[in-house]
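Please treat every number below as a calculation from the coordinates, not as lab data. Model, not experiment: these values are computed from the prediction. As a convention, Cβ positions derive from the backbone with ideal geometry for all residues, glycine included, and neighbour counts pool all protein chains shown.
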Amino acid sequence: MASKKGSAYWFILPALIVYVVLTLLPSFYTFIYSLTNYDGILKLSQLRFVGLDNYIYLLTRDKQMGQALLNTLVWLVFQLVLGNGLAFLFALLLNQKIRGTNLFRAVIFLPVVISSVAVSFVWGFILDPQVGDLNKFLQAAGLGEWTRNWLGDSSTALISIILVDIWKSVGFNMVILLAGLQTIPSDVYEAGKIDGAGPWRAFTRITFPLMIPVLGVVTILTVNGTLRTFDMVYILTGGGPGYATEVLMTRIFSEAFTANRMGYASSLAVLLFVVLFFLAYAQLKMTEQKDTN
Amino acid sequence: MLAEKTLYKKLIFLLMLGVSAFVAYPLLLMIGTSLKSENELYLNSVGLLNSFHFENYVRVWQEARLARMFSNSIIVTAASLAGIVLLVTSASFAIARLRFKGSRLTYLLFFSGIFIPFQLSMVPLMIVIRALGLYNNLFGLILVYVNLAIPFGIFLVAGYMKTVPMELDESARMDGCSDWTLYRKIIVPLIKPVTVTLIILQCIQIWNDFFLPNLLISTTANKTVTVGIMSFRGTFSTTWNLLMAGVTITLLPVMGFYLFTQKYIIGGMTAGAVKG
């Protein structure tokens, strides 16, 4: 007996309606808005098409956006080199047979499950110029001249938030890399040992090449996460001092909901979408490749 | 050779101990500060505690109206999870187990949602939510969370459902099972592992989310815990011991949950990245 005709639609309709009304149609409208001067107050009849003006302004004349893009790029470099480097190092060390690996793994992963608001408050306290532990520690260590208002000084604000972000995310990448390391069969290393490969050679010739697909996935996840960074900047500095910590997402947010330039904000969102789309596509290709191997 | 090896292992152990201590330090500081009196706060921040001022917690709980925020957070998280499980498993059931016209196209439509960042739909979504009268409304927030979980949820659950042998459905139908009974009595119990993964992943994301409640909720009465913390700054200014007590309270549920189901949480949260 075949399934009753039409019953499939009852199963699929609730999800489909919600998804079309709240994701697909709004996304489509963003493309349209990005070609207009929409400001959130205008009636539809007053809406004017401005062609590609928003995009041209965005790519050629918006200085704040330029600063935000540059900051995002700096963020990305730090996360990819320092953040992922540390994650890989920790994963390699925890993949050894030593005591306490489970506990270390659990502790390093802990910041991942904590809300970014709580993280911002705790680190905001540590970085506080008057009562914060960082300045107190520097004083005690005789490095009094290094103390400063970490988040209020435009030369240290960005790097401070980036390091907090690395503290929060390193455990996540570490766990993914660790899972990757554990799929490498031990007989590969034994064969290497028989051929006289030392630890360094074993790393460069066996571990690293076999880990490239997983490193690729971690890289894409990191880029993806970094491009969407919002909470900690919004809470800790609000993009300041000046525009020192402004990033892509805080720009979109303030253009859309503070300045009410929704048409322009839409063009920023479209730009973000294009970048993320290619990244997601690359990730899909990579996981497919990993599966077929 | 052997001695060299144990020394090497001891060094790694000490290094990782140091790293763990560094990672844990801010959280220990938070708890330590939350138990200090205001005077102790300015005397020594680094020093150990002489006495525990648990009254900070009582004060914060009452003054910051935390009970209300907690109940909002619990309602939003629980209702969103229920909605997600219901909508995702039923749609996945149709896609993975039933034949219907347009099945492939429907799947692709959902699947493409994985590539759409929330920010792309954000501005018009606000207009839709306002038009439906769901701005500053917990149900509106719940609806958006359910919506956001649909694409990846279906990808995860439908993929898992396809691994259940089709013969099961055929023999169930022979016995006169309707689609609804098949879904409820056979498929849903069989896919429990993937449902648990989905719930863990979404539970932590929704409980911790700041962006959406910040965007969609405007009055204190409707605030969830994460946005509620923001108002601590207004209530307690720079009285750090009270601020930290407040933040600690909001972290307790997640930390407790993590302490006991750490393995599942780590597995669930990284499931999206490492398939299979």
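With θ taken as phi - 60° and the Karplus curve 6.51 cos²θ - 1.76 cosθ + 1.60 applied, the whole-hertz 3J(HN,Hα) list for the range B:31-38 is 5, x, 4, 5, 9, 8, 7, 4 Hz, x standing for glycine and proline. Close amide H contacts of A:Thr36 (hydrogens built in the peptide plane, cut-off under 5 Å, sequence separation of 5 or more or a different chain): A:Val50.
Taking 0.36 nm per residue of separation and subtracting the current Cα-Cα distance, fully stretching the chain between A:Tyr281 and A:Ala179 would add 34.5 nm.
Inter-label distance, B:Ala24 to A:Thr258: 3.9 nm, where each label sits 7 Å from its Cα along the C-beta direction.
Helix by helix, which DSSP H runs in chain A go 20 Å or more along their axis at the Cα atoms and have an average Kyte-Doolittle hydropathy of 1.0 or more?
Working: long enough: A:63-78 (23 Å, 0.86); A:157-182 (38 Å, 1.72); A:208-227 (27 Å, 1.80); A:262-292 (44 Å, 0.87).
Going by DSSP H runs, the hits are A:157-182, A:208-227.
FRET efficiency for the pair B:Phe139 and A:Lys63, taken as 1/(1 + (r/R0)^6) with r the Cβ-Cβ distance and R0 = 35 Å, rounds to 0.25. The distance from the alpha carbon centre of the range B:122-165 to that of the range B:77-94 is 9 Å, rounded to a whole number. Based on the alpha-carbon gyration tensor of chain B and its eigenvalue square roots a ≥ b ≥ c, which shape applies: rounded if a/c is under 1.5, prolate if not and a/b is larger than b/c, or oblate? In terms of gyration-tensor shape, oblate. Oblate is the label for chain A, because a/c, from the alpha-carbon gyration tensor with a ≥ b ≥ c as root eigenvalues, is 1.5 or above and a/b does not exceed b/c. Calculated FRET efficiency, B:Glu38 to A:Thr156, Cβ-Cβ distance, R0 = 35 Å: about 0.75 to the nearest 0.05. Applied to the range B:109-126, the Karplus parametrisation 6.51 cos²θ - 1.76 cosθ + 1.60 on θ = phi - 60° returns per-residue 3J(HN,Hα) values of 4, 5, 4, 4, x, 4, 8, 9, x, 3, 4, 5, 9, 4, 5, x, 4, 4 Hz, with x for Gly and Pro. Across the range B:246-257, coupling constants 3J(HN,Hα) worked out from phi with the 6.51/-1.76/1.60 Karplus curve, θ = phi - 60°, read x, 5, 4, 4, 5, 8, 3, x, 5, 5, x, 4 Hz, and Gly and Pro carry x. Cross-link check: pairs A:Lys97/A:Lys136; A:Lys193/B:Lys9; A:Lys285/B:Lys162; A:Lys136/A:Lys168 evaluated at a Cα-Cα cut-off of 26 Å; pairs beyond the cut-off: A:Lys97/A:Lys136. By the beta-carbon count within 10 Å of each Cβ, the least crowded to most crowded order of B:Lys162, A:Lys97, fewest first, is A:Lys97, B:Lys162.
What order do you get for B:Tyr57, B:Tyr25, A:Tyr19 when you list them from fewest to most C-beta neighbours inside 10 Å?
B:Tyr25, B:Tyr57, A:Tyr19
Placing pseudo-labels 7 Å out from each Cα toward the beta carbon at B:Thr220 and A:Thr147 gives an inter-label distance of 3.5 nm. With a cut-off of 15 Å between beta carbons, the residues surrounding B:Tyr258 carry a summed charge of +3, where Lys and Arg count +1 and Asp and Glu -1.
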